[in-house]
Amino acid sequence: MTDRLRFVDVCSGAGGLASGLESAGFSPVLLLDNKPQACETLLANRPHWNVVCEDLLQFLPDDHPQTLDVDLLSAGLPRVKASAAVARAHSDQELRLLIATIYLAHSIQPRALLLENLPALVDSPAYAGIREFVEAELTHLGYRFRWFVLNAADFGVPQERRQGILVALKEQWFPAFVPPGPTVDEHVPVGRALLSSMKARGWHDADAWAAGASAVAPTLVGGSENRGGADLGPSGTKRAWARMGVNAGAMADEVPGLDYVWPRSDDPTQMVKITVDQAALLQSFPPEWHITGRKTARYRQIGHATPPPVGRALGAAVATALRSVHSSS
């Protein structure tokens, strides 16, 4: 069977999950995001995609009949906060979006559902109420489901990024679903991932710097829309970057050039900064994938994204299950 599977993607962001699913044999019938910059990024890379720039909470699938009866509903949702009860949803935007995605499954009845969120959602007691709500709704709709955690580094992403995953499938396809296993034998360190780009303008010490950047990157975080400029995260994350010779307090506009004198200092403020394009490499976006907007907006899109190789691995696992039984619908 070579026909491409069809999916709806919500909270699409810069398209990390969608591009991964595309490479796994899925074609989107609709992508939804409420941020104009994200919608611009999606259309800059895939002008033929049907991108709807609208809030998920106001989205009505009946206005978009192509979304009905698709193979997959996917969502890279904003990280929910711990909540003892789903009743708090009215005051928690992230939780409201999670609940809206589950209710969307009622309307469009996909054969499979794929949600990506924070690892604690999978097994932390603080999220038990949320899990119980999700599981009750999915069971009512005739799905079976599996919660698990993946580390993006196991899929060739040069980053320590643990992701909480929920995959649900209708009864006849669920037995064939197996969560994806690692696709690489060893993790890719930052130095190896960024060496070519660090050499791009002739920096003589790029090899020496890369040799010291011998660990995978800490988790990239997009941060809040209300925060200031782009940086690589909180203080603990900045210390991890400093151990690899990177000043994580800001993003560079370009990589070091031929005339750059490397201080080789232990002072993080004197260390090399990475660029937004290099952050995209650490998130494993394809080099040709263009993230639109100004520097901070571009970095936030990258930091919030699902790494495409993880999306590809998840998509391949879901596709294998969906193709195991011929659909009668």
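We did not get these values from a lab; they are worked out from the coordinates using the rules stated. Predicted model, so just to flag it, every value in this text is computed and none were measured. All Cβ positions, glycine included, derive from the backbone under ideal geometry; neighbour counts span all protein chains shown.
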Given points 7 Å out from each Cα along the Cα-Cβ axis, report the R264 to K295 separation in nanometres with one decimal. 2.8
Looking at (i) 87, 40, 33; (ii) 65, 44, 35; (iii) 52, 45, 40, which value of Cα extents along the principal axes in Å comes from a calculation on the structure shown? (ii)
Sort C53, C11, C39 by Cβ crowding within 10 Å, fewest neighbours at the top. C53, C39, C11
Protection-proxy order for peptides 318-324, 172-178, each taking the mean of Cβ atoms within 10 Å per residue, highest first: 318-324, 172-178
Across the chain, how many lysine pairs, 8 or more apart or on two chains, come within less than 25 Å at their alpha-carbon atoms? 9
Given a cut-off of under 8 Å on Cα pairs at least six residues apart, what relative contact order in percent is computed for the chain? 20
Say each of S124 and D253 gets a label point 7 Å from the Cα, pointing the same way as Cα to Cβ; how far apart are those two points in nm? 3.9
Just to be sure I understand the model, the point goes 7 Å from the Cα along the line to the Cβ. What's the resulting R201 to E137 distance in nm? 4.7
With a Förster distance of 22 angstrom and the Cβ-Cβ distance between E288 and T183, calculated FRET efficiency to the nearest 0.05 equals 0.55
